[in-house]
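Below is one structure, written out as structure tokens; the observations come after it.
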There are 2 protein chains.
Amino acid sequence: MVARKSLKGDYCPSARSLDVIGDWWSLLIVRDAFDGLTRFGEFQKSLGIAKNILTERLRTLVASGILELVPTSEGGTRMEYRLTAMGKDLFPVMVALRQFGERHLFAPAEEHSVLVDRATGQPVQLDIRAQDGRAIGPDETVIVKVPEGE
Amino acid sequence: MVARKSLKGDYCPSARSLDVIGDWWSLLIVRDAFDGLTRFGEFQKSLGIAKNILTERLRTLVASGILELVPTSEGGTRMEYRLTAMGKDLFPVMVALRQFGERHLFAPAEEHSVLVDRATGQPVQLDIRAQDGRAIGPDETVIVKVPEGE
DNA sequence: CATTATTGGTTTAATCATGCAACCATTCTT
DNA sequence: AAGAATGGTTGCATGATTAAACCAATAATG
């Protein structure tokens, strides 16, 4: 592939995010981490990913600060992969992907999972709002470039 | 690579979304489309992507219903790629990625772009809420499986 | 109108990434 | 102590991506 291009230097925050989690497996690993998976073997079984690739992806996610490697709670010498605070900030990304999938990629009566409020059992909702609280869509927004230092 | 695994059959909506837009280039193309780019050459120049890959990705995005190929507004025979309604529903995904990048992948005073309300110039905000309106995080949610037909 | 440049690709060859299977060291389990 | 599970590593085959050359059709220019 002649070295995939890095977007680290891109001034667009979306591009930088994709540089970190934009490859084929990373977000699926993060999804499983949100689902409570922590162990190498769990990810491997859940995703059916090749072990060498999983090794490399986990390593990258740890290096990026999205996962961290901590001793298992049960005291052994084994380690487990846990979402860091930064990793948990990917929650909106996961919810947005989920919402898009629910809306467009399932047949009307097709079986699928839903993300619900643990307290009430009701589905959660995601919305994008202006400062005054009104919902806002892509056509009502613009991207502006903030000069350095502001 | 022995054929990348398809997630079409996965019951998880996030996985299905990633099946459609989860590869290295697709979301970057969508980002550029949100930025107003429409022509093959514009995407090619903006992304520095190989032309054959761009051809294939655009074709896939059209086939998925995220982009559509319409005659240019200036009446020529040339075509342009535009976001469909379904494509515009990826807006929250883009905003979530952007927000994550802003928060974690830029140095404090580093230059970056910001998404603002066109009317007021104020940054937009994204939040995830329970039905009663209170903000909700990953630890207050669970994924439940909806049986077929509900 | 003839020429040239631009657009939007296709094709080919080289290179990189990924998957699979085999292997291995360490740690649990019994 | 023996066997199984965990968490990898290594090597090879193959698919995916790239860069570069090429090309047909359209648009711009003299």
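The single condition among (1) under 25 Å from A:THR141 (Cα atoms); (2) more than 9 Å from every other protein chain (Cβ to nearest Cβ); (3) within 16 Å of DNA strand D (Cβ to nearest atom) that B:THR55 does not satisfy is (1). If we scan the stretch B:19-34, do we find a residue that is more than 12 Å from DNA strand C (Cβ to nearest atom), more than 16 Å from A:LEU97 (Cα to Cα), within 8 Å of chain A (Cβ to nearest Cβ) and within 13 Å of the chain's Cα centre (by Cα)? There is at least one residue in the stretch B:19-34 that is more than 12 Å from DNA strand C (Cβ to nearest atom), more than 16 Å from A:LEU97 (Cα to Cα), within 8 Å of chain A (Cβ to nearest Cβ) and within 13 Å of the chain's Cα centre (by Cα). Listed conditions (1) in a helix (DSSP H, G or I); (2) over 12 Å from the mean Cα position of the chain (by Cα); (3) away from DNA strand D (no atom under 13 Å from the Cβ); (4) closer than 28 Å to A:ARG31 by Cβ are all met by B:LYS8, apart from (1).
Do you know which of the residues in the stretch A:1-18 that are more than 7 Å from chain B (Cβ to nearest Cβ) and in contact with an Asp or Glu (Cβ under 8 Å, 6 or more places away or on another chain) is modelled with the highest pLDDT?
In this case the residue turns out to be A:ASP10.
Figure legend. Inter-residue proximity from the stretch B:50-67: first residues within 11 Å of DNA strand C (Cβ to nearest atom), second residues basic (Lys, Arg) and part of a helix (DSSP H, G or I), beta-carbon distance below 8 Å, spacing 6+ or different chains. No pairs are indicated.
Among the residues of the stretch A:132-147, the ones that are facing chain B (nearest Cβ under 7 Å) and modelled with pLDDT under 95 come to 6 in all.
The values are calculated or read from the model by the stated rules, or taken from the named source; none is laboratory data. Just so it is clear, the structure is predicted and the values come from calculations on it, not from any experiment. Cβ: placed from backbone, ideal geometry, glycine included. Neighbour counts: every protein chain shown.
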